[in-house]
Structure formats: C-alpha cells, structure tokens
Amino acid sequence: MPVTCIASAKSCGVTTAALALTMASARPSLLAECDPAGGTIRAGLLQGQVSAGYGLYHLAAADRVGPVELANAFASHLWPLDGQAGHRRALFGLTDPAQAAALSRTWPALSDVLHVMAESADYDVFVDAGRLALEAGRLHPTLTPAPLLYKADLVLLAVRGTEQALTLTRHLIRPLRTELEDNGTGAGALGLLLIEDGPFRSHQVAEALEAPVLAVLPWDPDTAAYLTAGGKVPRGFARSPLLRYARTATEQFEVIAARRQVHQHDPASQAHTQLAGILDRLAHRGGARG
Ligand SMILES: Nc1ncnc2c1ncn2[C@@H]1O[C@H](COP(=O)(O)OP(=O)(O)O)[C@@H](O)[C@H]1O
Ligand SMILES: [Mg+2]
C-alpha cells in the first residue's frame, strides 16, 4: 500500500482529509500526524481524551537509541481510531510547535517505519504534513517534515477551488516538483487533492496549477465538523459524502502509486526485516490500546 503525504499552502483541510481517508480506507490504515506546527486531532476529534504521554514527540528520544527502539516506541504509541477493532490507528502529533526541532533528525527513520507498515504490514498510510514552508526554494528543515515528503509514494497538495487557495498554492508547485525530483521519488509523486469549496472545478484547478488532480473530496460541513471537533458521531457518518469520496480516493491512490512502481526501499534489507518483525505484531496485537 502507498505512503501518502498530504500538505497544503495554507490551512485547506489537510487534517480533515487525512482523517477521512484513514477512516474510509478498505484496508488497515494508519494516520501519522506530522504537522510541525502541532497536532489538532487530540484536542479536536478526540476531545482531549488522550494525554500528551502518547504521540510523535516520544519517538524522538527512542530514535536516539536506535531503529529497533524507534519501531517499538512507534508500535506502542499508536492509538486506535475504531475502538477495539484496531484496523485504523493514529500517531498523534506534537502538543507544542517548539517540539518540532527535536523531530528533525527522526523524520528519516520514521519514514522507514511508515514504509515498512505500508509494504510489509499492508497498511494504507497517510501523513498529515501540515502547511508547507519554503526557505530559499527548499522545504524548510524544521518547519516541514521534509524527509517524509521526499520518501512518500504520493505527495498531495490539498487545495480548495477558490482564488485564494489557487493563488497561494501556485507558488509551491514548481519548488516542490524540483525538490521531489532532486531529493524525492520524482516529480511524478506530486498531485492535487481538491476540496470542493469555491467556484473552480477539477479541470480548472489542474489547468491553473499545472498539476493533476488525483482525487476530489466534497464540501461536507457536518462530517468535517465532527472530524475537526469530535462529539457525537453524526448519523450516517460512514455513508456521508466525505467518507464515500474518501474511500474512492484511497482506491485511486493505490492504483496511481502502483503504476509509478516506486520501490525506494529494499524490502530485503536487514533493517527492514527486523522492523517488519516488530511491526508485524501490530496486525495481531494492536498498539497503545489495541
Ligand atoms: N471537506 C470539507 N467540508 C467542509 N468543511 C471542511 C472540509 N475540510 C475541512 N473543513 C473545515 O475546514 C477547517 C480547516 O480544516 P483542517 O482539516 O483543520 O485544515 P488544515 O489541517 O489544513 O489546517 C475546519 O473547520 C474543517 O472542519
Ligand atoms: Mg491540520
């Protein structure tokens, strides 16, 4: 399954889209909330039920010990998003943006763990990469999780069909293409995820930004409000427009990623085999509360 990174030029619905995709996937799925500006799911959808003792920040210390410790910490910091079923999991993000600097050395190793989850444990992996900040045309080393974007099978820029969103996103396309060509899996990894708000339709957005729209998510305020702020699960949640389109989107991503046939990682490498052994237990045992 692919590792799909989602980001935006400005708050466009990245976290909502990442949650919808994770909730809608037909396969076991994992959401890694890696927005350096801080995570919002813990205080939002989860309404503060999960303490700061769980989440991304704790992986930095484990990574300093070694890759096996990181894989173990990763497995024990995942939180089930589907009660006890354990097929949908989340790694919650930073509680304080000041923690981002501590993560900059951890992103490459975390990326390996996410790819093992995708390739060996067959998880559909989504990364919330937040808002992309550039510095001298390059992805900012601490304000973005750049190594996750470089290694992702797909990098999606979430964009709304509004003039404001198109104007801001336009400036990101070229540097991001260059970055993915020079440091990533190639410029072909880049695509758009259109959130249907505003007057511009899919073909107009693709034309304006000179990039393909790989999936469309509908404007669905009720479902989005639940994913953003939590509370009572809305009636018909699983059949809501947002979840139904998200399900289709996950299928499209799989096909597109498979077509690209990017095999950045050598699945036979010793390190990956070792990580796969640790992470394989997830499929049977579960994470923090699985
Ligand atoms: N598809 C959608 N339909 C309706 N509202 C949405 C949709 N996606 C996002 N929103 C709303 O837009 C706001 C920002 O969304 P969020 O996912 O937090 O953006 P980001 O993570 O890019 O900052 C939230 O209030 C959210 O409920
Ligand atoms: Mg967000």
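The values are calculated or read from the model by the stated rules, or taken from the named source; none is laboratory data. Fair warning: this is a prediction, and the values are worked out from it, not measured in the lab. As a convention, Cβ positions derive from the backbone with ideal geometry for all residues, glycine included, and neighbour counts pool all protein chains shown. Heads up: the accessible areas ignore ligands, DNA and RNA and are worked out on the full protein's heavy atoms, side chains in. Shrake-Rupley method; radii C 1.70, N 1.55, O 1.52, S 1.80 Å.
I'm trying to understand the selection: among the residues of region 26-67, which are in contact (Cβ under 8 Å) with a residue 60 or more places away in the chain, away from ligand 1 (no atom under 14 Å from the Cβ) and of a type in the set (Asp, Glu)?
Of everything in region 26-67, nothing turns out to be in contact (Cβ under 8 Å) with a residue 60 or more places away in the chain, away from ligand 1 (no atom under 14 Å from the Cβ) and of a type in the set (Asp, Glu).
For Phe253, all conditions in the list (1) surrounded by 20 or more Cβ atoms within 10 Å (Cβ to Cβ); (2) closer than 29 Å to Pro108 by Cα; (3) in contact with a Phe, Trp or Tyr (Cβ under 7 Å, 6 or more places away or on another chain) hold save one; what is the number of the exception?
(3)
Specify the residue that is surrounded by the fewest Cβ atoms within 10 Å (Cβ to Cβ); the eligible residues are those in region 181-208 that are in contact with a strand residue (DSSP E or B) (Cβ under 6 Å, 6 or more places away or on another chain) and among the hydrophobic types (A, V, I, L, M, F, W, C).
In this case the residue turns out to be Ala206.
For region 212-220, does any single residue satisfy the condition of being surrounded by 14 or more Cβ atoms within 10 Å (Cβ to Cβ), among the charged types (D, E, K, R) and farther than 26 Å from Thr144 by Cβ?
Scanning region 212-220, I find at least one residue that is surrounded by 14 or more Cβ atoms within 10 Å (Cβ to Cβ), among the charged types (D, E, K, R) and farther than 26 Å from Thr144 by Cβ, so the answer is yes.
If you scan region 161-171, which residues turn out to be open to solvent by 10 Å² or more (accessible area, probe 1.4 Å) and within 21 Å of Glu135 (Cβ to Cβ)?
Thr167, Leu168, Arg170, His171
Report, by residue number, each residue of region 181-215 that is without any contact (Cβ under 8 Å) to a residue 40 or more places away in the chain and hydrophobic (A, V, I, L, M, F, W, C).
Within region 181-215, Ala187, Leu190, Leu192, Leu194, Phe200, Ala206, Val213 qualify.
So which residues in region 13-29 are more than 9 Å from ligand 2 (Cβ to nearest atom) and either over 22 Å from Gly184 (Cβ atoms) or assigned to a loop (DSSP other than H, G, I, E, B) (or both)? Can you show your working first?
In the first step, residues of region 13-29 are kept if they are more than 9 Å from ligand 2 (Cβ to nearest atom); the result is 17, 19-29.
Result: Leu19, Ala20, Thr22, Met23, Ala24, Ser25, Ala26, Arg27, Pro28, Ser29.
Looking only at region 134-145, which residues are in a loop (DSSP other than H, G, I, E, B) and either surrounded by fewer than 22 Cβ atoms within 10 Å (Cβ to Cβ) or more than 16 Å from ligand 2 (Cβ to nearest atom) (or both)? Reasoning before the result, please.
Looking only at region 134-145, we keep the residues that are in a loop (DSSP other than H, G, I, E, B), and these are 136-137, 140-145.
Across region 134-145, the qualifying residues are Ala136, Gly137, His140, Pro141, Thr142, Leu143.
It is to be established whether one or more residues within region 226-236 are in a helix (DSSP H, G or I), out of contact with any Pro (no Cβ under 7 Å at 6 or more places or on another chain), farther than 18 Å from Gly44 by Cα and hydrophobic (A, V, I, L, M, F, W, C).
The answer is no, given that none of the residues of region 226-236 is in a helix (DSSP H, G or I), out of contact with any Pro (no Cβ under 7 Å at 6 or more places or on another chain), farther than 18 Å from Gly44 by Cα and hydrophobic (A, V, I, L, M, F, W, C).
Open to solvent by less than 40 Å² (accessible area, probe 1.4 Å) and of a type in the set (Lys, Arg) - does that describe any residue in region 85-92? I'd like the intermediate steps shown before the answer.
Taking region 85-92 and keeping what is open to solvent by less than 40 Å² (accessible area, probe 1.4 Å), we get 86, 89-92.
Still in the running and of a type in the set (Lys, Arg): 89.
The answer is yes, given that some residue of region 85-92 is open to solvent by less than 40 Å² (accessible area, probe 1.4 Å) and of a type in the set (Lys, Arg).
Would you pick out the residues in region 1-11 that are open to solvent by less than 10 Å² (accessible area, probe 1.4 Å) and within 10 Å of ligand 2 (Cβ to nearest atom)?
Across region 1-11, the qualifying residues are Ile6, Ala7, Ser8.
Taking the condition under 18 Å from the mean Cα position of the chain (by Cα) and not aliphatic (A, V, I, L, M), does Asp182 pass?
no
Out of all the residues in region 231-245, which are within 11 Å of ligand 1 (Cβ to nearest atom) and either open to solvent by 80 Å² or more (accessible area, probe 1.4 Å) or among the small types (Gly, Ala, Ser) (or both)?
Ser240, Tyr245
In region 150-160, which residues are open to solvent by 30 Å² or more (accessible area, probe 1.4 Å) and among the charged types (D, E, K, R)?
Scanning region 150-160 gives Lys151, Arg160.
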